[in-house]
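Values quoted throughout were computed directly from the atomic coordinates according to the rules given, and no laboratory measurement underlies them. This one's a predicted model, so the numbers in the text were calculated from it and none came from an experiment. Glycine also receives a Cβ, built like all others from the backbone with ideal geometry; neighbour counts cover every protein chain displayed.
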Amino acid sequence: MSTAKGMRPPSRGVRQKMTGLHTWTGLLAGWLLYAMFLTGTVSYFKEEISQWMRPELRPAQIAPDLPAIAQRTADTLALIAAGSPGWSMLLPTSRNPVVSAFWRDRDHADQPRRHGGRPFQTALFDPDTGKTLSARDTLGGEFFYRFHFQFYGLPVLWGRWLAGLCAMFMLVAIISGVIVHKKIFIDFFTFRWGKGQRSWLDAHNALSVFGLPFHFMITYSGLILLMALYMPWGARTGLRTPMQQAALDTQLSAYIRPGQPAHVAAPLAPMDAMVRLARQRWGSAEGLRITVTRPGDAAARVAVARGDTRRVSTSPQYLLFDGATGELLQVHDHVGAAAETRGVMAALHLGRFSDMPLRWLYFLISLGGTAMVGTGLVMWTVKRRASLPDPHLPHFGFRLVERLNISSIAGLSIAMTSYLWSNRLLPAAMAQRADAEDKVFFAAWGLSLLYAICRPARRAWIELLWTASALLALLPLLNAITTNRPLWHSLIIGDRVFAGFDLSLWAFAALHAMLAARAGRHPLRAASRAAAPARSSPVGQP
Amino acid sequence: MSTLLVMLLCVMAFAGLALATSRQQRELFGRALSPAATCGLRASGWLGLLIALGLLVAGRGWAAGLVCYSGCTSLAAALVYLGLIIQARRTTPH
């Protein structure tokens, strides 16, 4: 990004206009962006969160026996999804101990696959027995992942449009921010302590500049991921026949559409042999997905697709088998240049190819992005507080922003932690349990908003941050009481997921305590400073 | 492990680049360093970043190597930045 011309301001007009653009796009989308950033950040550990939220399950194995597991699960699916026009299962990985599958309801057999109303059933399976899993009903890390691009409580498509709008605002804010920031290289290492607004600006700049490649990539690739939703007209104009649309599908995903049934019963050929063939081709590739259409019919097809680990692309690579005979029909191992570009963008965004060090880098820098949005939001109030006619009675817009800041920053931490608390406290056998967990998340968030409205702003910052810190700090203790996998046990047996999770919770508790303590230390300007140490969050984690 | 080594290299490289700026020289040494020293620091900083890139690409290939490089440089710059703040706070307590 060109910044060299910063030495000689081109014209005040342009820069001032960009400042206005940056401020207002940032503010308007800021609250949702903060939530998207933070829930997206933790989604880099989606599988680990899911493991922690299903403590009944044994830890993921390093090298599960995939062919046998595929066969066992297929046998079960043949019973419970009998008559379904198709099902799909994701085999376990070293990060995910279970098989997850979904299948189409037979009643909705002939409906086309769409993003909206899904006539799908889903289930988890025990890889050892192939039976459906009896672990507690929870969305696990999937909740944060889904939330970060489609929210909840909105129709899915609306949620995705809203997320896309926020991402577009973010892109505008990034580019205008680079133009506004005159001295990226000169001020690269500059931080002026204790200078109020100036310090905030330095912190915001540092968080933005250090992570700039990531911020730009994540925003742009996020838009690319849902481009078919946001800009469908090209495909609609160019691809009119079902044949052309099917050709597009094979470029974008490894899902296959059910063909016409032959109405001749034929059992599925052995699945383990197909998985073995796939593993021969892709080595120890993880995250294999098996999709079967028209199972039990002579026209059955099986696609064994390669996962996204170990390659920086999500473009579909799969082997297509005749489901009845087991014969290999086709090998899809490359797509067109445009589809491959999209696949690389998606892979960069999702980071599924990462090993643990790289995953932590993703996590920490994304956390820095969260802090960038947070500092930006708080700066809006810091900047305007100085010029308020009466600091004790700010105008409505100022108070609105202040309260929304408190509830979207401190409140979100409380909501996310409450979601984890509910996972341990709700009875395992409760009906609609996963829904209840989601409701706890939103209830906690709503309560923090109410609290932020009722209390003086500075007190609300301090008290909500302390609440978040306490909830985070006590969660490993709750885990020790309610499960048989307490921290000391995890440390002794070397359970990295559980030990890492509990220790990370404490790290986050410490971070929130620091924020709360800082908010309490400066009585005059504390409210606006409450998030100051957020600057250090990218490196404040283990 | 190798990622950690590259990380370390990036931190040293950014430290060199930071010390090559006049503001940091005034803060840390109370005076500007000689042009030769400044130039040397800057050159070794950039060289360090180049070597880090080479190591990562050799180890992980271009695709994942570049991603990891972006992550390492971002985090390393942040660490150096934080180190400079802590250093400044220690010498001039408010």
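Excluding residues fewer than 8 places away in the same chain, name every one of the lysines whose C-alpha is closer than 26 Å to that of A:Lys131.
A:Lys46
To the nearest Å, what is the center-to-center distance of the stretch A:154-211 and the stretch A:292-313, using C-alpha atoms only?
Between the Cα centre of the stretch A:154-211 and that of the stretch A:292-313, the gap is 41 Å.
At 7 Å along the Cα-to-beta-carbon direction for both A:Gln432 and A:Ala517, put a label point, then send me their distance in nm to one decimal.
4.4
Quick check for me: using +1 on Lys/Arg Cβ and -1 on Asp/Glu Cβ, what's the dipole size of the stretch A:388-522 about its Cα centre, in debye to the nearest 20?
Computed charge dipole of the stretch A:388-522: roughly 240 debye.
I need the semi-axes of the equivalent ellipsoid of the stretch A:365-521: take the C-alpha gyration tensor, multiply each eigenvalue by 5, square-root it, list largest first in whole angstrom.
34, 18, 12
Placing +1 at every Lys and Arg Cβ and -1 at every Asp and Glu Cβ, with all other atoms neutral, what dipole size does chain B have around its Cα centre, in debye to the nearest 20?
Once rounded to the nearest 20, the dipole reads 240 debye.
Would you kindly compute the Cα radius of gyration of the protein assembly as shown and its largest Cα-Cα separation (Dmax), both in Å?
26.3, 88
Report, in degrees rounded to the nearest 10, the 0 to 90 angle that the Cα long axis of helix B:35-91 makes with the longest principal axis of chain B.
Once rounded, one gets 10 degrees.
Just grab the label-to-label distance for A:Lys195 and A:Trp158, each label 7 Å out from Cα along the Cβ direction, in nm (one decimal).
4.6
Could you give the dipole magnitude of the protein assembly as shown about its Cα centre, charging the beta-carbon of Lys and Arg +1 and that of Asp and Glu -1, in debye to the nearest 20?
Result for the protein assembly as shown is approximately 2800 debye, rounded to the nearest 20.
Taking chain B as a Gaussian network, Cα atoms linked when under 10 Å apart, which of B:Leu66, B:Leu53, B:Leu17 shows the biggest mean-square fluctuation?
Its mean-square fluctuation being the largest, the pick is B:Leu66.
Taking other Cβ within 10 Å of each residue's Cβ, how do A:Ile453, A:Ile69 sort, fewest first?
By the 10 Å Cβ count, ascending: A:Ile453, A:Ile69.
Show me the helices of chain A, taken as full DSSP H stretches, that run 18 Å or more along their long axis by Cα and average 0.0 or above in Kyte-Doolittle hydropathy.
A:12-42, A:66-80, A:156-180, A:212-225, A:337-350, A:356-385, A:396-425, A:433-454, A:457-482, A:496-521
Once R0 is set to 41 Å, what does the formula 1/(1 + (r/R0)^6) return for the Cβ-Cβ distance between A:Ala228 and A:Val264, expressed as a FRET efficiency to the nearest 0.05?
0.70
Before anything else, pin down the relative contact order of the stretch B:3-91: Cα pairs under 8 Å, at least 6 apart, normalised by residue count, whole percent.
Dividing the mean separation by the residue count of the stretch B:3-91 yields 38 percent.
Using a cut-off of 25 Å between alpha-carbon atoms, which lysines can reach A:Lys195, once sequence neighbours fewer than 8 places away in the same chain are excluded?
Cα-Cα hits under 25 Å: A:Lys182, A:Lys183, A:Lys383.
Could you work out the mean count of beta carbons from other protein chains within 10 Å of each residue's beta carbon in A:187-194?
Mean number of neighbouring Cβ atoms from other chains: 6.
Could you tell me which residue out of A:Ser253, B:Leu49, A:Met36 lies farthest along the dipole of the protein assembly as shown toward its positive end? Charges go on the beta carbon: Lys and Arg +1, Asp and Glu -1, centred on the Cα centre.
Result: B:Leu49.
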